[in-house]
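Participant: Can you read through this structure? Questions will come right after.
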Amino acid sequence: MTPLIQLTGVGKTLKGQGEPRSILSGVDMTLHAGESVAILGRSGSGKSTLLSLIGLFDRPDDGQYLLHGNDISRIAERRAARLRSAEFGFVFQRFFLLKHLTAMQNVAMALVNGQGWAARRRRRARVMAALDQVGVAHLAKQRPPRLSGGEQQRVAIARALVREPRILLADEPTGALDTETGALVIDVLHAATERGCGLVLVTHDHAHANRMGRVLRLNDGVLVTERAGVSV
Amino acid sequence: MALSGRFRSALVIGLQGIRARKLRTFLSMISLFLGVLAVIVVQTSSVLANRELLTDIELSEGKDGTVVISMPPNEQTAPVVLDALRGRADAVGVVETNAIIGEPGVTPINPGAMPLKYADQGGGATKMICDNNMCYPEPSTEAPPPRGQAIEVRLVALTGDIRPFRPFPTVSGSWLDFTGAASFAPRLVLNNEAADAFTRYRLPAEMRMDSARAHSTPQVIGTIHDGQAQPTVYMRLDELVNWIPASTLGTSSGLTVLRTQSAGAVEQYLQAKLSPTSPFFPRTVDSRERIGGQLDMMRWIFYGMAALVLLIGIAGILNVGLATVGERVEEFALRRAVGTPRLLLAGIVLAETLIIGLLTAATAIGTGVVGLQLGSRLFGGNHPSLQNVGFPWEAGVAGVAAGLVAGILGGLLPAIRAARIPIATVMRA
Ligand SMILES: Nc1ncnc2c1ncn2[C@@H]1O[C@H](COP(=O)(O)OP(=O)(O)OP(=O)(O)O)[C@@H](O)[C@H]1O
Ligand SMILES: [Mg+2]
């Protein structure tokens, strides 16, 4: 079976004013449909950088990136935007909900982004389904400032899910939440993998990492396997 | 399909942004409002001024395209012209002379047919003598007759209806009727100035002319507006020749023929008859072009000033736009993360400023329409040209264009900034 994602020898070098600094080097990683992977690592080890390469925010300087077997290592920004919209769902530590929009509008944002246009009714149905999946459908009309952190993060996850992405990328999604609420958010993400979504979770929390199929660790830009999955 | 989806997305998101920042939107609108209003005011006044000047010139010189020909001054001229143009609608002969209407044996109150507002200033009772170029006091040794109830008028005698060339609006009564036989009591149509004089000085109806066979008793049949400051009366040329021999008319006073573009044959006929050796020098009226040139200079100065005010407004939009983009860095990074293309992101920012620009234009145009109506109602009494003026469509177009330009110029830089925000911002915030 073709993996969702296959990284081979991926590297990222930062070329700032001073010396070029290697942030990631020789990263190999595979992700299959329905599989979940946790990435651990010290602060500054390059976790977010790796996620931003996988999510096509940026392109790698070395190595190869295959998405469904297609090489997208040097893809142009226009196509990257289309793929971000169609293939990926993103969840961040801070929820990044827009304060002036309701929960519904925040979720609909992923649909009203210039990548295709659905009729208002169909859009609404999809938004409500996504909110329902994460258990906050009753808060659809609320604006973010009136929601709790856990509720906000769940709305953000609904925004990530509304396009039915094949890959979910989460960068410390529980970082701003208490343990219990965090566990709830991990539940929601986990449920998505049961529907065939691939999940990459960056976290500092071993308890959350242990619920993933595999655990990887980044040591100063080098990716090592900490616990292999059952199937690998 | 994809394009309309993007367009709608930009519009939806732009409107959301505007609704979320009503106060800012309002502030940028205020800064832009004066600029757009300035453009509208300049355009309106330029159109109205042009229109009014053109109307005045049409009354005094003729509509554009009218061919004006001065006839040679000789004894045959008046009889030949009268004969050739009788009953024609495409050419009209015009003789101008002076006449005195009122009490016999006195000096008119406005010697030389000067405008009546100067009538009482003319010191003494010197008789003025006017030729084609100027008026000057008569170098007379004997004392002139005393001033009395009489005015001097410019007398314009016509072979036919002049209004196809110079569209005089009728103020009251009727215009000259050129059908039917000439009457011995000459029928007169007055311009406003002459009509004023008649009501103000209650003149007895007797008319004197130099070289007239006898004094005549005219009947006034109507009043028209001809845009002239001099008191002027219009009459049929064939009625005038009952009093002044046609052979002297053509020599002492100027005789002019106005014709349409297509009536060249008449000119050729007159040329052959009156001046077979030396050619006529016809002149075609082209006021629109000439006035355009004269007004252009002024117009561009005012446009320049309006553009300056507009520029301040644009700076206002730009300022607010840049601040807003700075504040929305995370929003734009997030939008890019969920797949919004950079171009659309720039489009969203531009859509917001364009909507602001157009809203402002609409407000300014509304203000212009209301202002013009108010002004017309307040000042229409003193300035007839301000009565019933409609808001010129050109000013509307200029306002919308100013709004669009402001929206584009004010939004361009913020749009470029927005499109350049790196997506990874969302991970480092
Ligand atoms: N745009 C950038 N400019 C400068 N340095 C950068 C940039 N992006 C990444 N880095 C550097 O790359 C390294 C990895 O950053 P990254 O954000 O991936 O770490 P991280 O593992 O996500 O850390 P954390 O757990 O604190 O989020 C850091 O040393 C960081 O300073
Ligand atoms: Mg990070």
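A short reminder: the numbers here are calculations on the coordinates, not readings from a lab. Keep in mind it's a predicted model, so treat the numbers as computed, not measured. Glycine also receives a Cβ, built like all others from the backbone with ideal geometry; neighbour counts cover every protein chain displayed.
Participant: Rg and Dmax of the protein assembly as shown, Cα atoms, in Å?
Facilitator: Answer for the protein assembly as shown, Rg first and Dmax second: 43.7, 137 Å.
Participant: State the extension gain, in nm to one decimal, for the chain segment bounded by B:S247 and B:Q219, taking 0.36 nm per residue of separation less the distance between their alpha-carbons. Before the final figure, lay out each step's value.
Facilitator: Values: separation 28, 0.36 × 28 = 10.08 nm, distance 2.49 nm.
Extending this stretch completely gives an extra 7.6 nm.
Participant: Separate question: How charged is the neighbourhood of B:L15? Take every other residue with its Cβ under 12 Å from the Cβ of B:L15, and add Lys/Arg as +1 and Asp/Glu as -1. Could you put the intermediate results ahead of the total?
Facilitator: Values: positive: B:R8, B:R19, B:R21, B:K22; negative: B:E352.
Local net charge: +3.
Participant: Continuing with this model, one more query. Looking at chain A, what % of its DSSP beta bridges pair antiparallel, to the nearest 5? Before the final figure, lay out each step's value.
Facilitator: Working: 19 of 37 bridges.
If we restrict to bridges inside chain A, about 50 percent are antiparallel.
Participant: Separate question: Looking only at A:P20, A:P173, A:P144, which one moves most when chain A is put into a Gaussian network model with springs between Cα atoms under 10 Å?
Facilitator: Checking each option, the largest mean-square fluctuation is seen for A:P20.
Participant: Straight-line reach from B:K117: which lysines fall under 24 Å, measuring Cα to Cα and dropping same-chain residues less than 8 apart?
Facilitator: By straight Cα distance, B:K117 reaches B:K127.
Participant: According to the square roots a ≥ b ≥ c of the eigenvalues of the Cα gyration tensor, what is the shape class of the stretch A:128-213, taking rounded for a/c under 1.5, prolate for a/b larger than b/c otherwise, and oblate for the remainder? Before the final figure, lay out each step's value.
Facilitator: Working: a/c = 2.11, a/b = 1.22, b/c = 1.73.
Verdict is oblate for the stretch A:128-213.
Participant: What helices in chain B pass both tests, a Cα length along the helix axis of 24 Å or more and a mean Kyte hydropathy of -1.0 or higher, using whole DSSP H runs?
Facilitator: Details: long enough: B:2-20 (27 Å, 0.68); B:22-60 (55 Å, 1.10); B:287-327 (57 Å, 0.88); B:342-379 (54 Å, 1.54); B:393-419 (37 Å, 1.42).
Answer set is B:2-20, B:22-60, B:287-327, B:342-379, B:393-419.
Participant: List the lysines whose alpha-carbon lies under 30 Å from that of B:K22, not counting same-chain residues fewer than 8 positions away?
Facilitator: A:K99, A:K141
Participant: Against the 2.2 N^0.38 Å scaling, with N counting residues, where does chain B land? I'd like the Cα-based Rg ratio to two decimal places. Please report the intermediate quantities before stating the final value.
Facilitator: Details: Rg = 33.0 Å, N = 429, 2.2 N^0.38 = 22.0 Å.
Working it through for chain B, the quotient is 1.50.
Participant: For helix A:179-194, what angle does its Cα long axis make with the longest principal axis of chain A, in degrees from 0 to 90 and rounded to 10?
Facilitator: 80 degrees
Participant: Let me ask another. Taking the C-alpha atoms of the stretch A:75-142, how large are the radius of gyration and the largest Cα-Cα span, Dmax, in Å?
Facilitator: 13.0, 40
Participant: Once a ≥ b ≥ c are taken as the square roots of the eigenvalues of the Cα gyration tensor of the stretch B:37-122, is the result rounded (a/c under 1.5), prolate (a/b larger than b/c) or oblate (a/b not larger than b/c)?
Facilitator: Working: a/c = 3.75, a/b = 1.29, b/c = 2.92.
Verdict is oblate for the stretch B:37-122.
Participant: If you rank B:E96, B:E61 by fewest surrounding Cβ atoms within 10 Å, what's the result?
Facilitator: Working: B:E96 14, B:E61 19.
Listing B:E96, B:E61 from fewest to most nearby Cβ atoms yields B:E96, B:E61.
Participant: Next question, about the same structure. So for the pair B:E394, B:V329, with labels modelled 7 Å out along Cα→Cβ, what separation do we get in nm?
Facilitator: 4.9 nm
Participant: Among the lysines, which have Cα under 21 Å from the Cα of A:K12 when same-chain residues fewer than 8 positions away are ignored?
Facilitator: Leaving aside lysines fewer than 8 places away in the same chain, those within reach of A:K12 are A:K47.
Participant: Testing the spin-label approximation: label points 7 Å from Cα along Cα→Cβ at B:D161 and A:M1. State their distance in nm.
Facilitator: Those two pseudo-labels are separated by 9.5 nm.
Participant: Also: Report the residue, chosen from B:A181, B:A395, B:A119, that carries the largest GNM mean-square fluctuation when chain B is represented by alpha-carbon nodes joined by springs under 10 Å.
Facilitator: Top of the fluctuation ranking is B:A181.
Participant: To the nearest 0.05, what FRET efficiency results for B:A20 and B:S70 with a Förster distance of 56 Å applied to their C-beta separation? Walk me through the intermediate numbers first.
Facilitator: Working: r = 73 Å, r/R0 = 1.30.
With R0 = 56 Å, the Cβ-Cβ based efficiency is 0.15.
Participant: For every other residue with a beta carbon closer than 9 angstrom to the beta carbon of B:P231, add +1 if it is Lys or Arg and -1 if Asp or Glu, then tell me the sum.
Facilitator: Cβ neighbours under 9 Å give a net charge of -2.
Participant: When chain B is treated as a GNM, springs tying every alpha-carbon pair under 10 Å, which of B:A398, B:A272, B:A84 comes out with the largest mean-square fluctuation?
Facilitator: B:A272
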